[in-house]
Amino acid sequence: MIWLAVLAMTLIGALGAFFLKQGMDRVAGLGSLLRTPQLYAGSACYLTGALFNILLLRHLDYSVLYPMTAVTYVWSMGLSAALLEERVTRQKLIGVAAILLGVVILSR
């Protein structure tokens with residue numbers, strides 16, 4: 001159950017970054033910042049992810065949980081490829097594999 005919460009926390013964080021990216025692509029000037037719903041969605045996701053992180057600190061060591069937030073990069077690459085049509089290169093895949101290997105090592 002704890003590991004599902006960690007996955008949820010990292011996915012919510014990645015969604016936060018995705019919505020902020022989407023929102024900033026629509027911002028034309030300082031005044032439009034407050035009228036961009038994606039920026040509110042991204043901020044809400046970041047806040048929710050932070051709350052998950054705080055709650056998870058009750059159950060996992062900081063030295064384990066904090067490095068596991070790197071899984072956010074894995075979600076981010078998937079979201080950027082699927083929804084922003086960004087290219088996934090071999091170099092990016094190697095980086096993500098290294099991140100996942102590190103997370104597996106830490107979780108044991």
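Bear in mind these aren't lab numbers, they're just calculated from the coordinates by the rules spelled out. Being a predicted model, the structure only gives us computed values, none of them experimental. With ideal geometry, Cβ positions are generated from the backbone for all residues, glycine too; neighbour counts draw on all protein chains shown.
If the chain linking Arg90 and Ala70 were pulled fully straight, counting 0.36 nm for each residue of separation and taking away their Cα-Cα distance, it would gain 5.3 nm.
Taking only the C-alpha atoms of the chain, Rg followed by Dmax gives 15.4, 49 Å. Pop the C-beta distance of Met24 and Leu106 into the FRET formula with R0 = 25 Å and round what comes out to the nearest 0.05. So the FRET efficiency works out to roughly 0.20.
Multiplying the residue separation of Ala82 and Tyr62 by 0.36 nm and subtracting their alpha-carbon distance yields 4.0 nm. Sorting the segments 79-89, 61-71, 11-21, 41-51 by their mean number of nearby beta carbons within 10 angstrom, highest to lowest, gives 11-21, 41-51, 61-71, 79-89. From the backbone phi of the stretch 86-100, what are the Karplus-calculated ³J(HN,Hα) couplings (6.51 cos²θ - 1.76 cosθ + 1.60, θ = phi - 60°) in whole Hz, Gly and Pro given as x? Working through the residues one at a time gives 7, 7, 9, 9, 4, 4, 5, 5, 5, x, 5, 4, 5, 4, 5 Hz. Full extension of the segment from Ala98 to Leu55, taken as 0.36 nm per residue of separation minus the current Cα-Cα distance, would add 12.8 nm.
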